[in-house]
Every structure is written in structure tokens, then in C-alpha cells.
Amino acid sequence: MAATAALKWTPAGYPGSELDRAWHQEVRELARQRDAVLLAHNYQVSEIQDIADHVGDSLALSRIAADCAARTIVFCGVHFMAETAKILAPGKTVLIPDTRAGCSLADSIDAEQLRDWKGEHPGAVVVSYVNTTADVKAETDICCTSSNAIEVVNSIPADREVLFLPDQFLGAHVQRVTGRTNLHVWAGECHVHAGINGSQLAAKAAAAPDAELYIHPECGCATSALYLAGEGAVPAERVRILSTGGMLDAARATGAREVLVATEIGMLHQLRRAAPGVDFRAVNDRASCRYMKMITPAALLRSLRDGVDEVTVPADIAERARGAVQRMIAIGRPGGDE
Ligand code: 13P
Ligand code: SF4
């Protein structure tokens, strides 16, 4: 308890210090007392990733939330992820260490906008990326994540119109891979991934001619990467468009010595753990999600100690959203969990 006031975490951490050990012990003890499982997204700060019971992408963490036996889930990620856990596990207490941890992509469409869009395309199947609020999920037929978006869209009969939301870059990627012409894409974006652009990628790729490129499909540079490959500037086999979980699978299997990574920089920690012999470098080392970074070691300790902040979803919304989320976790392979 005494550690809370004095806790001074910096991006460099406090490796091996007394405070570090005290924090670690206290968090684990409080988690035991609360019968809590600690889930952390791949973009969390390294201390949070290292203390969590499970680290993964949003699909893997949703699956764990749905299946875990613990009474409490402490979700070290952003709010829509904790909401998804609550939808899947309504009987459990779901805590988020900082309730302000939102998502600019989830904020790019609300339920009313979606209802209007549906009105323009009667009969269309609505596919929502998991980065959406519970209200939007309640208006959705099937959710997807970056791990399974293509499988989800391919599961829909070819003659049905599809409304894909909210990420335009992921939508463009799905359109490209599925070749579907009846897929309409909402023009939303994540401010972090949209900020990783094609010119940064081209410059980094030119400076590292042997490096593989791992690119999250939310990135503004995903199209540029495919363009560069198409132009022969980067060999196509070096370009991989991957979810955060898919990046970890690829890292474990790669023969490359250097990999350029286009996603939020928290990802580098898991990649370096998964393949210590590989040199992983960020395409844009300022691509940091301020919402993900709101979950600090001190906030996690407070959350477990005080049982805050509890995430709730109104029962009628959860009821309507659950089917869409359950269809998402049933489709595609798990990715990213350690
Ligand atoms: P993943 O689905 O790959 O975990 O990504 C989630 C996210 O928020 C991307 O910004
Ligand atoms: Fe949302 Fe972007 Fe942060 Fe992911 S990185 S949580 S999409 S704001």
C-alpha cells in the first residue's frame, strides 16, 4: 500500500528496484484476493504487459474474457475492450484502471449515424470492427477484429451488401483481399495508425533493404506498402499486413534479422520478447496511443485496491450486442496470446 504514493513510473521503468518489487507483489496479492485475472493489450506499457496473466490482441483477449473462471476481469486496455469483456461475461465484475482510456477510432461513429447508414442500405449486413462502442455493436450483425476481418466478410454470402465500419484503412484492406465490390466502408480512422504514413514507410524500407515489414491494417501506410510491393520497390514477400497477434506469430517464425513495424510502439515489447534475436524497429517511433498509456502501474494498483472503475453495459444493449460479438469470437484463429 505504501508503494502507491511513492510510485514514480517512467517509460524506462524502474527495473529491479525496491518499488518495482513492492508494486509487483502488491498487484499480484490484490489480484489473488479479488480472484482477478489481469488482461493486457499488446499496446500497454511494458510493466503492465509483464505483470498481466495474458497479453494479446483484441480477439485473443475477448476469447479469454469469455472463457475465464476468475470472478473479476481487470482489463488493461481501452474502454471498448473492457465493454466487450463485460458483454461476453455479464456475470463478472470488469474493471478498467482508467475510465478515460477511450479510442479515437471507436469515437468515429455512433449508433445514430449507423442507424442512418443502415437506412440507406436496407438488407445490408453490418460488420463492425471491435473498436466500437457497445451501442454501435448493438446495431451490428457481426463484429470482427484485425485478426479475422477477412474471414468474417468471407462468411457473408457474396450477393449480400456489406457495411464495414469504422476503419477506412482496414476496410480498404478487406476490400482488396476479398475482391468484394458490394462492401461499403465508413470513413473513420485511428489517429495513431493514420499517422504512420507511406513516405515514412518508403524511407525506412529503402534504408533497410533486407528488413521484413509488419504492417497493421489500420495504418495509413498499408496501401502504400502494397503499392511499393506492386511497384517492385519492396519485394512482396517482405510485406506482411498483420494484426498485433499475427505479428507475434510471424515474429516467432521469421528468418529475417531486421523487421520494420508499423503499429503502436507498445507492440515492440512483445515482439522483442517473442524473437530476441531479431532487430524490431518502429516505422514511426512516435506512434504512441495516449489512451493505452493511461493505464499506468499506479492506476492498475489503485484499480485492484479500490475495485475501480467498474465497466457496465445496460442489459438491453449488452443483450443486442452479444450475438455480434459471439459470432466474432467464433470465426478465425486465435492470435497473440502468450
Ligand atoms: P488488434 O485487434 O490488432 O489488437 O488492434 C486493436 C487496436 O486497437 C488497434 O489499434
Ligand atoms: Fe484506438 Fe488507435 Fe488507440 Fe487502437 S491505437 S486503441 S485504434 S486510438
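What to note about this one:
- Taking the criterion of being part of a helix (DSSP H, G or I), within 16 Å of ligand 2 (Cβ to nearest atom) and farther than 19 Å from residue 328 by Cα, the residues of the stretch 33-73 that qualify are 48, 49.
- In the stretch 252-270, the residues that are within 15 Å of ligand 1 (Cβ to nearest atom) and farther than 17 Å from residue 217 by Cα: 269, 270
- Of the strands (runs of 3 or more DSSP E) lying entirely inside the stretch 74-148, those carrying at least 1 residues that are in contact (Cβ under 8 Å) with a residue 12 or more places away in the chain and within 16 Å of ligand 1 (Cβ to nearest atom) are 125-129, 142-144.
- Unmet requirement for residue 53, which otherwise passes all of (1) free of Cβ contacts under 8 Å to residues at least 60 places away in the same chain; (2) surrounded by 19 or more Cβ atoms within 10 Å (Cβ to Cβ): (2)
- Residues within the stretch 56-66 that are surrounded by fewer than 24 Cβ atoms within 10 Å (Cβ to Cβ) and modelled with pLDDT of 95 or more, tallied: 1
- Qualifying positions in the stretch 107-128 - small (Gly, Ala, Ser), open to solvent by 10 Å² or more (accessible area, probe 1.4 Å) and within 16 Å of ligand 2 (Cβ to nearest atom): 108
- Residue pairs whose Cβ atoms lie under 6 Å apart, sitting 6 or more positions apart in sequence or on different chains, and linking a residue in the stretch 162-175 that is under 14 Å from residue 216 (Cβ atoms) and touching a residue at least 24 places away in the same chain (Cβ under 8 Å) to a partner that is part of a strand (DSSP E or B) and open to solvent by less than 10 Å² (accessible area, probe 1.4 Å), are 167/129; 167/188.
- Within the stretch 56-70, the set of residues being away from ligand 1 (no atom under 13 Å from the Cβ) and small (Gly, Ala, Ser) comprises 65, 66, 69, 70.
- Residues of the stretch 212-236 that turn out to be charged (D, E, K, R) and either within 15 Å of ligand 2 (Cβ to nearest atom) or farther than 23 Å from residue 148 by Cβ (or both), as a count: 2
- Verdict on residue 134 being touching a Pro at 6+ places or on another chain (Cβ under 9 Å), at pLDDT 95 or above and open to solvent by less than 10 Å² (accessible area, probe 1.4 Å): yes
- Of the criteria (1) within 17 Å of the chain's Cα centre (by Cα); (2) within 14 Å of ligand 2 (Cβ to nearest atom), which one residue 148 fails: (2)
- Residues of the stretch 19-50 that are open to solvent by less than 10 Å² (accessible area, probe 1.4 Å), more than 16 Å from ligand 1 (Cβ to nearest atom) and farther than 16 Å from residue 70 by Cα: 23 alone.
Matching residues to (1) touching an Asp or Glu at 6+ places or on another chain (Cβ under 7 Å); (2) surrounded by fewer than 24 Cβ atoms within 10 Å (Cβ to Cβ); (3) of a type outside the set (D, E, K, R); (4) at pLDDT below 95:
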position	(1), (2), (3), (4)
147	yes, no, yes, yes
172	no, yes, yes, yes
183	no, yes, yes, no
191	no, yes, yes, yes
200	no, yes, yes, yes
220	no, yes, yes, yes
226	no, yes, yes, yes
238	yes, yes, no, yes
248	no, no, yes, no
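- Only residues that are assigned to a helix (DSSP H, G or I) and touching a residue at least 40 places away in the same chain (Cβ under 8 Å) were counted across the stretch 185-222, and they come to 8.
- Meets criteria (open to solvent by 10 Å² or more (accessible area, probe 1.4 Å), farther than 30 Å from residue 258 by Cα and of a type in the set (A, V, I, L, M, F, W, C)) for residue 187: yes
- Residue in the stretch 294-307 that is in contact with a Phe, Trp or Tyr (Cβ under 8 Å, 6 or more places away or on another chain), more than 16 Å from ligand 2 (Cβ to nearest atom) and open to solvent by 20 Å² or more (accessible area, probe 1.4 Å) present: yes
The values are calculated or read from the model by the stated rules, or taken from the named source; none is laboratory data. Bear in mind that the values here come from a model prediction, so they are computed numbers and not experimental data. Here the Cβ is made from the backbone with ideal geometry for all residues, glycine too, and neighbour counts use every protein chain on show. When the accessible area is computed, the model is the full protein with side chains, heavy atoms only, and any ligands, DNA or RNA have been set aside. Shrake-Rupley method; radii C 1.70, N 1.55, O 1.52, S 1.80 Å.
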